[in-house]
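I have placed the structure first, in the form of structure tokens, so that the comments after it can refer back to it.
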Amino acid sequence: SPCFNIALQDLLLIVYITYSVLLSYFSGTISYIQWCKWVAAISIYLIGRRFADSSNVVVLPLVAVALLQAVMILLQKLLVINSMSYYFDVSGTFGNPAPPAAIIAVVSAMVVGILVDIGNEEKMKKYILISILVLFILALLMTASRASIFALSISALLMLLSKKRLPIVFLIAGLVCIPVFLLFLYSLRSGSADARLLIWRASLYVFDDN
């Protein structure tokens with residue numbers, strides 16, 4: 001297939017991966033996490049090359065990255081693998097749960113958008129996307145990232161409202177659930193939320209005095 005003809009970017013990638021592997025091997029810093037990153041990077045690159053003339057060239061690599069983060073978060077939560085952070089029990093391939101949570105939230109919003117537009121005749125595709133979305137939501141809850149959860153909720157709600165006319169009963173129920181949802185976000189990490197509220201309150205006092 002023409003998609004797999006050797007190009008300059010392929011040679012550059014091979015040189016970079018070979019250099020990284022050799023450098024890590026001889027410095028004694030190689031680990032299974034680095035192997036996972038390299039395998040994921042190569043897989044995403046090959047998927048992009050394979051579907052270079054398709055609209056999936058952007059969606060599939062992003063879903064693959066988010067799936068990697070979600071699976072690692074799940075395994076870290078189950079204590080199958082260690083977290084990359086000394087302070088958080090889950091962190092994906094990062095040292096903090098915020099970056100993987102942001103990645104998962106963005107890709108989850110994309111999946112919701114695809115589900116909204118997908119036809120009833122594509123049932124298998126719909127079931128696969130719903131399964132992926134459930135995994136993403138579980139991983140997102142495990143990160144306890146309030147900003148990412150809030151961003152995904154607002155994005156999903158706006159996409160649903162823009163594509164479908166919901167009955168007035170659902171809209172009223174949604175308005176009633178907003179305070180409950182905000183209370184849920186606060187309870188995820190109440191200590192962190194209290195600290196942020198204190199900072200904002202102190203900042204307002206400073207602005208008011210000046």
In nanometres, what is the gap between the two model label sites at Val180 and Leu138, each 7 Å from Cα along Cα-to-Cβ? 2.3
Once the dipole of the range 83-165 is set up from charges on Cβ (+1 Lys and Arg, -1 Asp and Glu), the residue from the list Leu160, Ser145, Ile103 lying farthest towards its positive end is Leu160
Given a Förster radius of 45 Å and the C-beta distance between Leu79 and Tyr205 as r, what FRET efficiency does 1/(1 + (r/R0)^6) yield to the nearest 0.05? 0.55
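Throughout, read-outs are computed from the coordinates displayed, never taken from laboratory work. Given the structure is predicted, the values throughout are model-derived calculations rather than measurements. Positions of Cβ are generated from backbone atoms using ideal geometry, with glycine treated the same way; all protein chains shown enter the neighbour counts.
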